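Undergrad: Below is one structure. I have some questions about it.
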Amino acid sequence: MSIMNTGESVMVKLDDHKMAVQGGDLPGLYNTIQFHLHWGNGSSSPGSEHTVDGKRYSMELHILNVHSKYNGNLSVALAANDSTGLAALAFFIEGTNEQNKTKSWDILTSFLTNISSSGKNTSDIMNKTSMDSLLEGVNRTKYYRYRGSITIPNCNEAVIWTVFKDPIKVSQDLINRFSTTTFFKVSPSVLITNNFRGVQPLNGRVVTSQEVPSSVATPAISIITVLLLTSLCWL
């Protein structure tokens, strides 16, 4: 529906009446309300909020979904103190020199010059790209899962996190556009860089994944259990 510089990130607002997600062992249907991004300071700098075996990727994309019982109302879902109220889908973004695979990201980042200042937005993005094209190359049956919080204050513990294992490959030049085009709300002269939350302690949380065959080394996560081997589906 629109793309906006929030003063902390770049957020794309989605029509929750037209987009939803379910499957992959999520407890019900979730309406998709927006996606936003976290990044470092250029394609060669770490910027993701999650890490795998200590590795931090250049960027991370978060698709935020609200359980259908809350009718797409984020505030109500957060106030309900419901640990399953939100479902966040996290995708790592990795820089590449392959230009021909990132057309959709070229389209998305072309709007950044129109929203360089905090609070700026534009609605002229309809029918220009699709969610599926932005997630090209990601196997949606392979992911990590845990229950946690949103990553901005008040950090409500109301989120089922799904972190996909396959990174999205995006041209390094396009990744660089985020940290060289958009500005923080605190000052028009300060570019938005390193807008990611640091890695937090597990605090007893269990991180799950698909079962790993005995012939394959177990990844460095807390506990490996079996999840439903079904993909998350857009509706």
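The values are calculated or read from the model by the stated rules, or taken from the named source; none is laboratory data. All values reported here derive from a predicted model rather than from experimental measurement. Note that we place each Cβ from the backbone using ideal geometry, even for glycine, and neighbour counts take in every protein chain shown.
Undergrad: Count, please, the residues in the stretch 126-179 that happen to be in a loop (DSSP other than H, G, I, E, B) and over 13 Å from Asp106 (Cβ atoms).
TA: Going through the stretch 126-179, the residues in a loop (DSSP other than H, G, I, E, B) turn out to be 126-130, 135-142, 149-158, 165-167.
Filter once more, keeping what is over 13 Å from Asp106 (Cβ atoms): 126-127, 130, 135, 137-142, 149-158, 165-167.
The qualifying residues number 23.
Undergrad: Give just the number: which of (1) touching a helix residue (DSSP H, G or I) at 6+ places or on another chain (Cβ under 8 Å); (2) farther than 18 Å from Ile150 by Cα; (3) of a type in the set (Val, Ile, Thr); (4) not in a strand (DSSP E or B) does Val76 not satisfy?
TA: Among (1) touching a helix residue (DSSP H, G or I) at 6+ places or on another chain (Cβ under 8 Å); (2) farther than 18 Å from Ile150 by Cα; (3) of a type in the set (Val, Ile, Thr); (4) not in a strand (DSSP E or B), the lone unmet condition for Val76 is (2).
Undergrad: Considering only the stretch 42-63, how many residues are out of contact with any Ser or Thr (no Cβ under 6 Å at 6 or more places or on another chain), among the hydroxyl-bearing types (Ser, Thr, Tyr) and either surrounded by fewer than 24 Cβ atoms within 10 Å (Cβ to Cβ) or farther than 14 Å from Val163 by Cβ (or both)?
TA: Of the residues in that region, 3 qualify.
Undergrad: Here's something else I'd like to know. Taking only pairs six or more apart or across chains, which ones have beta-carbon atoms under 9 Å, a first residue in the stretch 64-81 that is buried (at least 19 other Cβ atoms within 10 Å of the Cβ) and modelled with pLDDT of 90 or more, and a second residue that is of a type in the set (Gly, Ala, Ser) and part of a strand (DSSP E or B)?
TA: What qualifies is Leu64/Ala87; Leu64/Ala88; Asn65/Ala20; Asn65/Ala87; Asn65/Ala88; Val66/Ala87; His67/Ala87.
Undergrad: Which ones in the stretch 148-204 are crowded, with 17+ Cβ neighbours inside 10 Å, more than 15 Å from the chain's Cα centre (by Cα) and among the basic types (Lys, Arg)?
TA: Arg177
Undergrad: Take Ser130 and tell me if it is farther than 14 Å from Leu37 by Cα and either among the β-branched types (Val, Ile, Thr) or exposed (fewer than 13 other Cβ atoms within 10 Å of the Cβ) (or both). Quick ask: steps written out before the conclusion?
TA: Working: farther than 14 Å from Leu37 by Cα: yes; either among the β-branched types (Val, Ile, Thr) or exposed (fewer than 13 other Cβ atoms within 10 Å of the Cβ) (or both): yes.
It is true that Ser130 is farther than 14 Å from Leu37 by Cα and either among the β-branched types (Val, Ile, Thr) or exposed (fewer than 13 other Cβ atoms within 10 Å of the Cβ) (or both).
Undergrad: Taking the stretch 82-103, which residues are touching a helix residue (DSSP H, G or I) at 6+ places or on another chain (Cβ under 8 Å), part of a loop (DSSP other than H, G, I, E, B) and modelled with pLDDT of 90 or more?
TA: Gly85 - this is the single residue of the stretch 82-103 that is touching a helix residue (DSSP H, G or I) at 6+ places or on another chain (Cβ under 8 Å), part of a loop (DSSP other than H, G, I, E, B) and modelled with pLDDT of 90 or more.
Undergrad: I would also like to ask the following. Across the stretch 35-55, what is the number of residues that are assigned to a strand (DSSP E or B), touching a residue at least 40 places away in the same chain (Cβ under 8 Å) and more than 21 Å from Leu86 (Cβ to Cβ)?
TA: Number of matching residues: 3.
Undergrad: Follow-up question, since we're still on this one. In the stretch 6-24, is there at least one residue being farther than 22 Å from Gly137 by Cα, modelled with pLDDT of 95 or more, buried (at least 22 other Cβ atoms within 10 Å of the Cβ) and more than 12 Å from the chain's Cα centre (by Cα)?
TA: no
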